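Here's the structure we're looking at; comments come further down.
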Amino acid sequence: MRPARALIDLPALRHNYRLARQLAGGRALAVVKADAYGHGAVRCAQALGADAADGFAVACLEEALALRDGGIRAPILLLEGFFEAAELPLIAQHNLWCVVHSHWQIDALERTPLPRPLRVWLKLDSGMHRVGLSPADYRAGWERLVALPQVDSLVAMTHFARADELDSARTDEQAQAFIATVAGLPGEHSVSNSPGLLGWPTLRNDWGRAGLMLYGATPFNTVQAQASQLQPVMTLESKIISVRELAAGEPIGYGGSFVTDRPTRVGVVALGYADGYPQFAPTGTPVSIDGQASRLIGRVSMDMLTVDLTDLPAAGLGSQVELWGRQVPVTEVARHLNGSAYSLLCGLKRAPRVYVE
């Protein structure tokens, strides 16, 4: 059997969720959209459900229904709300919480009778400028929703655009815009995403929304005390299936982008971009081989990649290679790519997930 696989550490997932809940001051939604950032939404939600999670957040109705089919009965928030009014009866039927971020959604709610009222999270555009009602329109939108029999209760929310930049003034500016806009409105508030929970303690309120941190990756590009407590959940790994001895001056792989500058011992690993490892990861991207640090060399192929064994004489056929995980942080791999841990984790494809308790 091909040795490429992604180990999913469920105790680490629970640890990270408990940290998020602690930082949030008691309640946190576990964000499991995009198949739990590549970790498997239903299985992760089931694991957190056993830990009495406060609730979950997904992007859309389809993701929520998959959780309900998986036996998840905890609250589920639709972060993008509904895309057409025809979804509203299903949202009510399955007792889902729903973000409202646009005037047309309020119009649709007004026109649509429902079997039960919804818990609505009304989103303010405090400066992200993606979705959400403007500060000038927010209170009028709130009053329209409060008057509807289709609405059970309201939560005020916003989303930070630059909370991962700890030296940016933008997060405080957004927070102040939110506070000024919702002043005097009854109900609960939610502002903090993962970097907000980890790095902005004065801005936490009723509901945190733990996304990237749930999976053990830091959103920051520097060491941060709270993020240092996170435990990686996914370990992407495989094994060496071939070893070659090459003289100096030999090209490796497609395009010959890497040429040996000394006699080089090359290990071929059964994992490639069809498994979700980035095709254009540069030479020098870190890997771990039997627990020892090494590097990627040459271009990543669809099914294989090559690593440097020259300084690891004990490594060879069958050696375990970690592409990211506890020994090689996914954020470090992302740094070499000038990319993000989000896209690496969400990009997991063919490599099967193996859940570890």
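Every read-out reported here was derived from the displayed coordinates using simple, explicitly stated rules and does not represent laboratory data. Fair warning: this is a prediction, and the values are worked out from it, not measured in the lab. Methodologically, a virtual Cβ is constructed for each residue, glycine included, from the backbone with ideal geometry; neighbour enumeration extends over all protein chains shown.
Note on the chain: helix-only mean residue ellipticity at 222 nm, from DSSP H runs of 4+ residues weighted -39500 (n - 2.57) and normalised by residue number, equals -7500 deg cm²/dmol.
Of the residues Met304, Met128, Met213, Met1, the one with the fewest other Cβ atoms within 10 Å heads the list, and the complete ranking is Met1, Met128, Met304, Met213. Each peptide among 316-322, 242-248 gets the average number of other Cβ atoms lying within 10 Å of its residues, and from highest to lowest they stand as 316-322, 242-248.
Residue-wise HN-Hα couplings along the range 91-100, as the Karplus relation 6.51 cos²θ - 1.76 cosθ + 1.60 with θ = phi - 60° gives them from phi, are 4, 5, 4, 9, 6, 9, 8, 9, 6, 10 Hz; Gly and Pro carry x. Net charge within 12 Å of Ile241 by Cβ-Cβ distance, Lys/Arg positive one each and Asp/Glu negative one each, not counting Ile241 itself? Net local charge, Ile241 excluded: +2. When every Cα-Cα distance of the range 12-150 is counted in 5 angstrom steps from zero, the calculated P(r) takes the values 2, 10, 19, 20, 18, 15, 10, 5, 1 percent.
Computed from backbone phi, the HN-Hα couplings of the range 289-297 come to 10, 6, x, 10, 6, 8, 8, 6, 9 Hz, rounded to whole numbers (Karplus: 6.51 cos²θ - 1.76 cosθ + 1.60, θ = phi - 60°; Gly and Pro given as x). What's the center-to-center distance, using Cα atoms, between the range 164-198 and the range 1-70 in Å? Rounded to whole Å, the Cα centres lie 24 Å apart.
For the range 134-289, the ratio of Cα radius of gyration to the globular rule of thumb 2.2 N^0.38 Å stands at 1.64. If only the Cβ of Lys and Arg carry +1 and only the Cβ of Asp and Glu carry -1, the dipole of the range 234-356 around its Cα centre is close to 260 debye.
With the convex hull of the Cα atoms taken as the outline of the range 234-356, the averaged projected area works out to 7.0 nm².
Here the simple spin-label model places points 7 Å from the Cα toward Cβ, and for Arg130 and Arg295 these points are separated by 3.5 nm.
Straight Cα distances below 21 angstrom link Lys33 to the lysines Lys123, Lys349, with same-chain residues fewer than 8 positions distant left out. Computed from the Cα positions only, the extents of the chain along the three principal axes stand at 77, 43, 35 Å, in decreasing order. Per residue, the average separation of C-alpha pairs within less than 8 Å and at least 6 apart gives the chain a relative contact order of 18 percent.
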